[in-house]
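Working notes, beginning with the structure itself.
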């Protein structure tokens, strides 16, 4: 899978969000470290946008992933609903795993549901341990994993096993089998940008 995110209106939305804050391309470039020419091409739909670039832009503008990919205008209230058909989630690749994010058409969700397909078979393949706001529940759908955290010894989890953690505790998943493992996760609270690794720019 490519490291480029699917468009989901990113090209059309980025310029609007930038201008709403009174920022020029130069200002955003200085804040993100992404060149003016690259930002201009992204806004004009002339090039794809990577996970890392999206993360830098969202952090600089104090935005959530939902804000960039668009979605339902309503930010709360009764009767909200989101449907994902098989394979229709938003796919993001980062390091040794792929995320499939669900219900991305809802803004200001109280939960972030996702399936993580873990390709990494070593911590080096995963990259830096991941940390993000909120708490996270994980349920192993297939394969077996070791859950590595900054405070505990590695925990082996097999299909049907689950764990609930403080997601601000840095963590990583390593697949133990011949095939990638698949893990269903639900994160409570807002994630300001797609799950990222500690210490990355």
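Readers should treat all values here as calculations from the given coordinates under stated rules, not as data from a laboratory. From a predicted model like this one, the values you see are computed outputs, not experimental measurements. Note that we place each Cβ from the backbone using ideal geometry, even for glycine, and neighbour counts take in every protein chain shown.
Descriptive notes on the structure:
- Ranked by the mean number of other Cβ atoms within 10 Å per residue, highest first, peptides 130-142, 17-29 order as 130-142, 17-29.
- Gain in span if fully extended, residue 155 to residue 82, counting 0.36 nm per residue against the direct Cα distance: 23.0 nm
- Take every pair of alpha-carbon atoms less than 8 Å apart whose residues are at least six positions apart; their mean separation over the length of segment 79-171 yields a relative contact order of 22 percent.
- Full-extension gain in nm, residue 123 to residue 186, via 0.36 nm per residue minus C-alpha separation: 20.4 nm
- Based on alpha carbons, the Rg and Dmax found for segment 90-188 are 12.6, 38 Å.
- Fewest-first ranking of 16, 116, 53, 149, using other Cβ atoms within 10 Å as the exposure measure: 16, 149, 53, 116
- Modelled FRET efficiency - R0 30 Å, residue 40 with residue 91, Cβ distances, 0.05 increments: 0.70
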